[in-house]
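See structure below.
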Amino acid sequence: MSADLETFRQAQMEQWAFEQRRRRAEALRSAVRAKAAAGELDAASVAEWEVHAAELVLGYDLSDLRGPIPDGWSTPTQIGHRLGVSAHRVGVAITALGLRRADPRLARRRVFERHGKSLVSWVYSGEAEARIVRAVRGEP
């Protein structure tokens, strides 16, 4: 195979991959707009998903746009570390409390891409953490 033909095929594959990422991002943006219009997403969540959509199209991480975890908010791993239990144990308490579907003052999504998959992690406010701590300790 000639070098020119190989270069052409490579360029076609790169264009195809870009178009796939662009379509995926547009589908994501449409879903985000619909959920926002229905009042199911707050402005911070919409912004988080928009950053993720841009990452899909560009094909690289834009974590700087997401910013750091806000002061006073923690991941399940951080909460578990402070309590001396596993993040899984904290996750069990979070699920039992229904915090992942709670209002955005208690729990917020953090969207990122890893190995070609969109992943959602959560961070929890100080108020949510207090509830989690009580649940892990078996307190009312």
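The values are calculated or read from the model by the stated rules, or taken from the named source; none is laboratory data. Not measured: the values here are computed from a predicted model. FYI the Cβ positions are ideal-geometry reconstructions off the backbone, even for glycines, and counts take in every protein chain you see.
Does Val111 meet the test of being within 12 Å of the chain's Cα centre (by Cα), crowded, with 17+ Cβ neighbours inside 10 Å and at pLDDT below 80? Yes, satisfied.
Considering only segment 22-31, how many residues are over 13 Å from the mean Cα position of the chain (by Cα) and buried (at least 16 other Cβ atoms within 10 Å of the Cβ)? Full working, then the answer.
Applying the first criterion (over 13 Å from the mean Cα position of the chain (by Cα)) to segment 22-31 yields 22-27, 29-31.
Next cut, buried (at least 16 other Cβ atoms within 10 Å of the Cβ) only: 25, 29.
Count: 2.
Which ones in segment 68-124 are over 24 Å from Leu56 (Cβ atoms) and among the polar types (S, T, N, Q)? Those that are over 24 Å from Leu56 (Cβ atoms) and among the polar types (S, T, N, Q): Ser74, Thr77, Gln78, Ser86, Thr95. The condition of being surrounded by 12 or more Cβ atoms within 10 Å (Cβ to Cβ), assigned by TED's automatic domain parsing to the domain that holds Ala128 and either closer than 30 Å to Val136 by Cβ or among the aliphatic types (A, V, I, L, M) (or both) does not hold for Val51.
Could you run through segment 108-136 and say how many residues are over 13 Å from Ile69 (Cα atoms) and touching a residue at least 40 places away in the same chain (Cβ under 8 Å)? Break it down into steps so the answer makes sense when it comes.
Within segment 108-136, the subset over 13 Å from Ile69 (Cα atoms) is 112-120, 127-136.
The next check asks that each one be touching a residue at least 40 places away in the same chain (Cβ under 8 Å); those that pass are 112-113, 118, 129, 132-133, 135-136.
Matching residues across segment 108-136 total 8.
Kindly evaluate Val123 against the criterion of being of a type in the set (Val, Ile, Thr), in contact with an Asp or Glu (Cβ under 8 Å, 6 or more places away or on another chain) and not in a helix (DSSP H, G or I). So Val123 does not fit the description; no.
Within segment 67-79, not a single residue is over 21 Å from Ala107 (Cα atoms) and surrounded by 15 or more Cβ atoms within 10 Å (Cβ to Cβ).
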